[in-house]
1. Name the residues of the range 192-211 whose amide N is less than 15 Å from a point 7 angstrom out from the Cα of Arg343 along the C-beta direction?
2. Based on DSSP H runs of at least 4 residues, each adding -39500 (n - 2.57), what is the mean residue ellipticity at 222 nm of the chain after dividing by all its residues, to the nearest 500 deg cm²/dmol?
3. Which whole number of Å³ per residue matches the convex hull of the alpha-carbon atoms in the range 295-350?
4. Hey, how much of the P(r) for the chain falls beyond 39 Å, as a percent of Cα pairs?
5. For the residue pair Ser96 and Glu33, what label-to-label distance in nm results when each label sits 7 Å from Cα along the Cα-to-beta-carbon direction?
6. What accessible area per residue, rounded to a whole number of Å², is obtained for the range 206-350 using a probe radius of 1.4 Å?
7. On a full-extension model of 0.36 nm per residue, what is the gain between Thr268 and Lys69, subtracting their alpha-carbon distance, rounded to one decimal in nm?
8. Please report, in cubic angstrom per residue, the volume enclosed by the convex hull of the alpha-carbon atoms of the range 14-127.
Amino acid sequence: MSAIERPADIIAKTGPSDAIVKNAWYLGAWSDEIAQTLFARRIADEPMVFYRTAGGTAVALADRCPHRKFPLSSGKLDGDVLQCGYHGFRFDTDGSCLSVPGQTKVPLSANVRSYPLVEQFGQIWVFPGDPALADTAKIPHVPWTSEWWSATGCEPLNARASLLIDNLLDLSHETYIHASGIGSPEVAETPVEVERDGDVLWVRRMMYGVECPPNYAKSTGLSSPIDRSQEIQFFAPSFYVLHVRIAKAGDTGPGFLSKVVYGITPETARTTHNFYGICRDVPRDPHQKPFSGQRNTVREDTDCLELLERWIVADTDNVPEVSIGIDRGGLLGRRIIADMVRRENGSRPR
């Protein structure tokens, strides 16, 4: 891994992009969202319909009947067979057309696309690109959503995915946007260390003897001063883990650990599924849920980023941005994704 020294070394004159990487694994749903009913969701600008078979296996097909393009999510399930609600075309779990009305011969072109899908740790991953490139080894290994106490959700974001990635790779905004929950002055004041390992990016911030934010005081019982670490692990182009440690100042033990996860899944070029989760290393108690202010934090970011998206679209002059040291992680994240888009389009990365 190599350290990054200056923003100018990372990228120049490139603003937030609305390009979508197709050849990548995306979090398409939390496991508890998918049942033996039809569920529609657009992933990376691909309309998909999800459901479970009678045996519990999750399926993702193109949400478009090849006959008259009627959404299959408006059809019905007959056992494991999906029947189009318009003219009754019937499809197996692999997308093959089993029958059509009025004739015994099924056209070869009547099949629908089946998307590679992997379910693990309460997460459903789909691959919207070339199925031959769907290497399951590239799916982030994120066991905490099933092994630790966790709370998950999905918030619609009317903004391009790159704005959320920028937001999460530069946590200095916590000082200002999340001041009432997880922010403190030291987050903005503390420099970051940045490292890259292929398409995985690390951004680290270590804070010692600092203020204890309100949410952490509620969840841990600690008071100021505390030691606090933020280690961001970003799996380009779409998944993010924030490894958090909170402890009484000077305490060298394990402290209080949590993992904040985000599946940053583009819906379209300018809308995003913001899958979020907070995972805490505490015993599971079915009668009590530990404090979590994650949903409020997500909503604060949503308001900010949707406002920013509107201003970007309205900025017809395309005024260039000014970047500073705290932007090192976000700028390198942009660079990695831009290179992935170039590779996918057959052009040479810079």
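The values are calculated or read from the model by the stated rules, or taken from the named source; none is laboratory data. Remember, it's a predicted structure, so these values are computed and weren't measured experimentally. Note: ideal-geometry Cβ built from the backbone for every residue, glycine included; neighbour counts use all protein chains shown. These accessible areas exclude ligands, DNA and RNA; they are computed on the full protein's heavy atoms, side chains included. Shrake-Rupley method; radii C 1.70, N 1.55, O 1.52, S 1.80 Å.
1. Answer for this model: 196-201.
2. Mean residue ellipticity, 222 nm, calculated: -5500 deg cm²/dmol.
3. Details: hull volume 7.8 nm³, N = 56.
It is 140 Å³ per residue.
4. Roughly 21 percent, rounded to a whole number.
5. Each label point is offset 7 Å from its Cα along the Cβ direction, giving 3.0 nm.
6. With all protein chains present, the range 206-350 gives 51 Å² per residue.
7. 69.7 nm
8. Numbers: hull volume 13.5 nm³, N = 114.
Dividing the Cα hull volume of the range 14-127 by its residue count gives 118 Å³.
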